[in-house]
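The block underneath contains the structure these notes are about, expressed in structure tokens.
The values are calculated or read from the model by the stated rules, or taken from the named source; none is laboratory data. Quick caveat: nothing in here was measured; it's all calculated off a predicted structure. Counting neighbours? That spans all protein chains shown, and the Cβs are built from the backbone with ideal geometry, glycine included.
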Amino acid sequence: MARESFFTISEIFRDRKKLTVFLACVAVSILSWLMISLGQDYNSTVFVPVSYINFPENKVLLNNIPDQMAVNVSGSGFDLIQYDESLIEDTLVINLDELKLSVFGDYERGYLDPAILSRSLQKRISGDIGINRVLSDSIEFLFDLKVSRIVKVKPIVNYSLEKGYILLDSLVSVPSEVEVYGPLSVLDTLQFIRTIPFEAGELNAKVGYRVPVVIKKFGNDAIVEPDSVSVRFNVDRLTEKRFMINPEILNVPDSLKVLCFPNAIEVVAQVPLSKFDEITKSQFRLEVDFTQMQEGYMGLPVNLEQWPVLAERVVLKPKQVEIVISKND
């Protein structure tokens, strides 16, 4: 009986000639399979990047629009390999010059038809590849009239002052107003524009920081000029200043005469070093109210009724006075 002729795997790998023949057969088989597969027709979904030009003049876009579209394409494996990459890498530029707008409440609205986009994509492709359809929904554009307004800036800053220091002025920005170009519906009710939140930390000297203003909320193509402001902190060191002030005695009956002891009160205030000479005793007013007297106690509290805004931690010495009452002649 004749012996069957076949090779085992181990024999093939031991014989270099047999191995070469085996690998060549495998390569031919794979190549044949690829040629047959690539020759068949397939459907594929790709994401095409898009950009837009020629937006309507004097209009602000209010909504977000997509920067890519899902597109279903078909063709042979050869064509899809060749053109899929060009579709994905090349941006489709959409011209809005002929975008038809319709009134939508206080706004204007327009649409891009996916069928039109399909035709635009088909023009970019040669060969047998076809654009079946754009899978993304219609692209909607919502516009408002673009106007400009001068708006105050409100700094949004977190800070603290080192002990012994004071902020001389309210927090201000330079410039204090900016010009905003944006949608009429927003700017007509806008009272101020904020800066982005900023952490200034603990302060002990005059300092300024450049802080951007918030623009995004006014529309995708809104403009603010300038787009940042300088937030300035007028910080000064506190120092002590003392005065001797006679309190005013109020609500004394006409039949009585009242004297207080001591007749002068020492006022100790922390004041900014740069404003030391500007703060005077005339800016303080002390009062002693006779109606606050309690039976059996010949003393009255001293009330601080007026003091300058820049005076910090005002202390009275003493905080109450003894009174001497006599009748008028």
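What the table below lists for this structure:
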| item | result |
| --- | --- |
| Qualifying residue in segment 211-223 (condition: within 30 Å of Ala269 (Cβ to Cβ), in contact with a Pro (Cβ under 8 Å, 6 or more places away or on another chain) and either at pLDDT below 90 or not basic (Lys, Arg) (or both)) | no |
| Only listed residue being farther than 23 Å from Asp67 by Cα, surrounded by 15 or more Cβ atoms within 10 Å (Cβ to Cβ) and either β-branched (Val, Ile, Thr) or at pLDDT below 90 (or both), chosen from Val157, Val174 | Val157 |
| Residue tally, condition free of Cβ contacts under 8 Å to residues at least 60 places away in the same chain and over 20 Å from the mean Cα position of the chain (by Cα), over segment 149-183 | 4 |
| In segment 308-329, residue nearest to Glu287 (Cα to Cα) [restricted to those that are without any contact (Cβ under 8 Å) to a residue 40 or more places away in the chain and surrounded by 12 or more Cβ atoms within 10 Å (Cβ to Cβ)] | Gln320 |
| Strands (runs of 3 or more DSSP E) fully within segment 41-108 counting 2 or more residues that are outside the structural domain of Leu184 (by TED's automatic domain parsing), at pLDDT 80 or above and within 27 Å of the chain's Cα centre (by Cα) | 41-53, 59-61 |
| From the options Leu259, Leu273, Leu286, Leu250, residue that is crowded, with 16+ Cβ neighbours inside 10 Å, of a type outside the set (D, E, K, R) and either outside the structural domain of Ile166 (by TED's automatic domain parsing) or in contact with a helix residue (DSSP H, G or I) (Cβ under 9 Å, 6 or more places away or on another chain) (or both) | Leu286 |
| Filter pass, Val302 being in contact (Cβ under 8 Å) with a residue 24 or more places away in the chain, surrounded by 14 or more Cβ atoms within 10 Å (Cβ to Cβ) and over 42 Å from the mean Cα position of the chain (by Cα) | yes |
